[in-house]
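S.K.: Okay, handing you the structure first.
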Amino acid sequence: MSRRVVVTGMGLVTPLGVGRKAFASKLFGGDCGIRAIEAFDTTPFKSHLGGEVGNFSPVAFIAPRTLRRMDRLSQMVTASACMTIDDAGIDLADADRNRLGIVIGTAFGATDVATQFAGTLFTEGPRRVNPILVPNTVMNAPAGHAAIELGLRGINTTLNHREASAETAIAYAAGQIRQRRADVLLAGGGDILSPFFFTMLERFKALSPQDRHAEGARPFDRHRNGPVAGEGTGLLCLESLESAHSRGATIYCEIAGWGMSGSPAPANDWPEDPAGPVMAMQKAMAMAGVCPADIDTVSAAASGGVKSDRLEARALAQVFNGNKPAAVTAIKGAIGENFASGGIRAAAMALSIHNDMVPPTLGLTTPILALDVVKRAARKMPVRYGLVNACASGGTFVTLILGKMVPPETDSKRS
């Protein structure tokens, strides 16, 4: 029999703040983490805004002897992992570390290190390459560094699925716990802003402004003109319900179900037909044993993308047609398009369920469809089930269903 999987902790390094409390305060307070980029010169570019992480001191979480060997993404992931363990109240000294692991999703990995390594290799030759850089050029370096820092000896996996990387990691981790292959897994993901990453997005014309209007993130807005790039990491502590109960852990919510689908589309584009995201949502709800009328809120993947936002809006309208409208929020208006933002957005949904509060969608003034989008200020409302969407270029879609934890005898949805 499969086990129920719950969320008992979270760790966040985001443009809105570092740590659960700082992130939640600004998220539900309607603050925006998007501003002019300071980490590098954007003068050559048309775009100048970004969701940068500020006031992050990795030495507060990571031992100095190992910190110097880590790239920036690994520092963020490792710090998030440390915060997640602490928030979950797990005593690693008493834990079975063979049953504890980490699953990370990242779209691009450490692009700063990769470009530094390649630049030296091709201009000065292999003898001039700093050997410390080599291990950090691979995408699984952040998960490896975090596991070494915390002494985790269980599952260690890194997934790459473009904008759906972190949501896929959470679904994979939950599946491993359900199948009794692990007891506790840290799951989520992240990406960083770097000059190479920003240049690549600019050359693909993937950033705002894609017209003559002002630059900015406007999810689901009629006047949207592309996303604003972001960065950050977010991890959840997933564990079996039995494990959480045995140690008296605080439970934020349950990972009730997930669904995945794909639609034919060019490599860096989205399909016109919303059948793909519709299927992912339907699969997730079927696994969770719920219907559209049961979903109280949706954390949309919308970022201000001209095609992607329209696709998701049409899919949501189709799924919830004739049902009680779910309160829709798109927090990429506050944090930017961090391609592996699913860990941050899943954490936001866990907080929404735990606190019965839905954060606002910043940058939205005129919705493209008649959806019940939360605007201007957070909405206080009962949240039993929340749906988290991921829409990746190339036609990959992932949906997570998170639910409020209730005693089994009162949970009619599972009877």
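S.K.: Do the conditions hold for S303, that is, is it polar (S, T, N, Q) and within 14 Å of the chain's Cα centre (by Cα)?
M.R.: In short, yes.
S.K.: Filter the range 199-213 for residues that are outside any helix (DSSP H, G or I) and either open to solvent by 50 Å² or more (accessible area, probe 1.4 Å) or not small (G, A, S) (or both) and give the result.
M.R.: Of everything in the range 199-213, those that are outside any helix (DSSP H, G or I) and either open to solvent by 50 Å² or more (accessible area, probe 1.4 Å) or not small (G, A, S) (or both) turn out to be F204, K205, L207, P209, Q210, D211, R212, H213.
S.K.: Checking the structure you have, find out if any residue of the range 178-198 is assigned to a helix (DSSP H, G or I), of a type in the set (S, T, N, Q) and either without any contact (Cβ under 8 Å) to a residue 40 or more places away in the chain or open to solvent by 20 Å² or more (accessible area, probe 1.4 Å) (or both).
M.R.: Checked against the condition, which is being assigned to a helix (DSSP H, G or I), of a type in the set (S, T, N, Q) and either without any contact (Cβ under 8 Å) to a residue 40 or more places away in the chain or open to solvent by 20 Å² or more (accessible area, probe 1.4 Å) (or both), the range 178-198 yields no hits at all.
S.K.: In addition: If you check R212 against the conditions, is it in contact (Cβ under 8 Å) with a residue 12 or more places away in the chain, more than 26 Å from G54 (Cα to Cα) and among the charged types (D, E, K, R)?
M.R.: no
S.K.: I've got another one for you. Does F61 fit the bill of being in contact with a Cys (Cβ under 6 Å, 6 or more places away or on another chain) and open to solvent by 20 Å² or more (accessible area, probe 1.4 Å)?
M.R.: Yes; evaluated as a whole, the condition is true for this residue.
S.K.: Can you find, within the range 230-267, the residue that is nearest to the chain's Cα centre (by Cα) among those that are open to solvent by 20 Å² or more (accessible area, probe 1.4 Å) and among the β-branched types (V, I, T)?
M.R.: The selected residue is I251.
S.K.: Are there any pairs, at least 6 apart or on different chains, whose C-beta atoms fall under 7 Å, with the first in the range 104-129 and under 30 Å from H161 (Cβ atoms) and at pLDDT 85 or above and the second of a type in the set (V, I, T) and assigned to a helix (DSSP H, G or I), and if so, which?
M.R.: I104/V77; G105/T168
S.K.: Can you list the helices (runs of 4 or more DSSP H) lying wholly within the range 285-358 that have 2 or more residues being in contact with an Asp or Glu (Cβ under 8 Å, 6 or more places away or on another chain) and modelled with pLDDT of 95 or more?
M.R.: 306-319, 342-355
S.K.: Assigned to a helix (DSSP H, G or I) and over 18 Å from the mean Cα position of the chain (by Cα), is that true of I90?
M.R.: no
S.K.: Any residue at all in the range 389-408 that's part of a helix (DSSP H, G or I), modelled with pLDDT under 95 and farther than 25 Å from G50 by Cβ?
M.R.: yes
S.K.: If I ask for residues that are in contact with a strand residue (DSSP E or B) (Cβ under 6 Å, 6 or more places away or on another chain) and among the β-branched types (V, I, T), which ones from the range 251-297 would you list?
M.R.: Within the range 251-297, I251, I255, V290, I295, T297 qualify.
S.K.: Quick check on this structure: which one of S47, S25 is among the hydroxyl-bearing types (S, T, Y) and either in contact with a helix residue (DSSP H, G or I) (Cβ under 7 Å, 6 or more places away or on another chain) or at pLDDT below 95 (or both)?
M.R.: The conditions single out S47.
S.K.: Can you work out which of the residues in the range 12-30 that are on the phi > 0 side of the Ramachandran plot and within 18 Å of the chain's Cα centre (by Cα) is surrounded by the most Cβ atoms within 10 Å (Cβ to Cβ)?
M.R.: Across the range 12-30, the extreme among qualifying residues is G17.
S.K.: Under 6 Å between Cβ atoms, at least 6 apart or on separate chains: pull out the pairs that start in the range 216-244 with a residue that is part of a helix (DSSP H, G or I) and end on any residue that is open to solvent by 10 Å² or more (accessible area, probe 1.4 Å).
M.R.: L241/R4; S243/D183; A244/I251
S.K.: Looking at the range 66-89, which of its residues are open to solvent by 30 Å² or more (accessible area, probe 1.4 Å) and among the β-branched types (V, I, T)?
M.R.: T66
S.K.: Which one of G33, G9 is under 20 Å from the mean Cα position of the chain (by Cα), part of a loop (DSSP other than H, G, I, E, B), surrounded by 22 or more Cβ atoms within 10 Å (Cβ to Cβ) and of a type outside the set (D, E)?
M.R.: G33
S.K.: Please go through the range 320-363 and give me each residue that is among the hydroxyl-bearing types (S, T, Y) and within 12 Å of the chain's Cα centre (by Cα), ordered by number.
M.R.: Matches in the range 320-363: S341 only.
S.K.: To continue, here is another question. Restricting to the range 245-266, name every residue that is among the aliphatic types (A, V, I, L, M), within 30 Å of K307 (Cβ to Cβ) and either at pLDDT below 95 or not in a strand (DSSP E or B) (or both).
M.R.: A265
S.K.: Considering the range 276-302 alone, what residues qualify as being of a type in the set (G, A, S), out of contact with any Phe, Trp or Tyr (no Cβ under 8 Å at 6 or more places or on another chain) and open to solvent by less than 50 Å² (accessible area, probe 1.4 Å)?
M.R.: G289, A293, S299, A301
S.K.: Another question, then. In this structure, does A95 turn out to be touching a Ser or Thr at 6+ places or on another chain (Cβ under 9 Å) and open to solvent by less than 70 Å² (accessible area, probe 1.4 Å)?
M.R.: no
S.K.: When you check A164 against the structure, is it in contact with a strand residue (DSSP E or B) (Cβ under 8 Å, 6 or more places away or on another chain), part of a helix (DSSP H, G or I) and touching a residue at least 60 places away in the same chain (Cβ under 8 Å), yes or no?
M.R.: yes
The values are calculated or read from the model by the stated rules, or taken from the named source; none is laboratory data. Worth saying up front: this structure is predicted, and the values here are computed from it rather than measured. Glycine also receives a Cβ, built like all others from the backbone with ideal geometry; neighbour counts cover every protein chain displayed. With ligands, DNA and RNA removed, areas are computed over all heavy atoms of the protein, side chains included. Shrake-Rupley method; radii C 1.70, N 1.55, O 1.52, S 1.80 Å.
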